[in-house]
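Shown next, in structure tokens, is the structure this report addresses.
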Amino acid sequence: MTKFLLTLHVLAAVVTVGPVTVAASMFPPSARRALAAPGDARALATVLTLHRICRVYAVVAVAVPVFGLATANTMHVLGSPWLVTSIALTVAAAGVLAAVMLPRQSSLLAALGDEGRVQEPAAVARAAGRLAMYTGMFNLLWATVTVLMIVRPGSTTGA
């Protein structure tokens, strides 16, 4: 059962967290391109699609900690420091995504409007820069969780 749950956990992470990190990373530069080309329907469509990917996959990514906790329970490692740290970092990453990144993406989309024309392009460009910073923090949190999941200090796997 442990191998099955671990497989589901890893697949869920790859299939859900991967697309969110890529789409979120692509969003700020795509928003800047849409800002630089007012009225470019394709640039605006790209930004809308990236935001949709982030929203949808963020919800589906709930499967990652669910399968992860089930796996940890079967492995009897729920109290391990590396796992507790990973859980805390996962909660932090989810918080950054839900409370900061998605609302800021929505604000940028609202500023771009239906036709990509904005009233204050400099402010929107600054907002895209700040969003890029938060996206980097999100990605760094996930990279740290990934390293902890692979290295697992005190692991008995011999790796």
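The values are calculated or read from the model by the stated rules, or taken from the named source; none is laboratory data. Model, not experiment: these values are computed from the prediction. All accessible areas refer to the heavy atoms of the entire protein, side chains included, with ligands and DNA or RNA removed. Shrake-Rupley method; radii C 1.70, N 1.55, O 1.52, S 1.80 Å.
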Accessible area per residue, Å², the range 1-66 with all protein chains present, probe 1.4 Å: 55
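For the range 1-78, take N as its residue count and report Rg(C-alpha) divided by 2.2 N^0.38 Å.
Working: Rg = 17.2 Å, N = 78, 2.2 N^0.38 = 11.5 Å.
Cα-based Rg divided by the globular estimate yields 1.49.
Can you compute the helix-only [θ] at 222 nm over the chain? Use -39500 (n - 2.57) per DSSP H run of at least 4 residues, normalise by all residues, nearest 500 deg cm²/dmol. Intermediate values should be presented prior to the final figure.
Numbers: 7 runs with 120 residues, N = 159.
After summing the helix terms and dividing by the residues of the chain, the value is -25500 deg cm²/dmol.
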Nearest 10 degrees is fine. How inclined is helix 18-36 to the longest principal axis of the chain, computing both from alpha carbons? 10
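Quick one: order F138, F67 from most to least accessible surface, probe 1.4 Å.
Numbers: F138 5, F67 60 Å².
In descending accessible area the options line up as F67, F138.
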GNM on the chain, C-alpha springs below 10 Å: top fluctuator among A63, A31, A122? A122
Roughly how tilted is helix 102-112, in degrees to the nearest 10 and between 0 and 90, from the longest Cα axis of the chain? 10
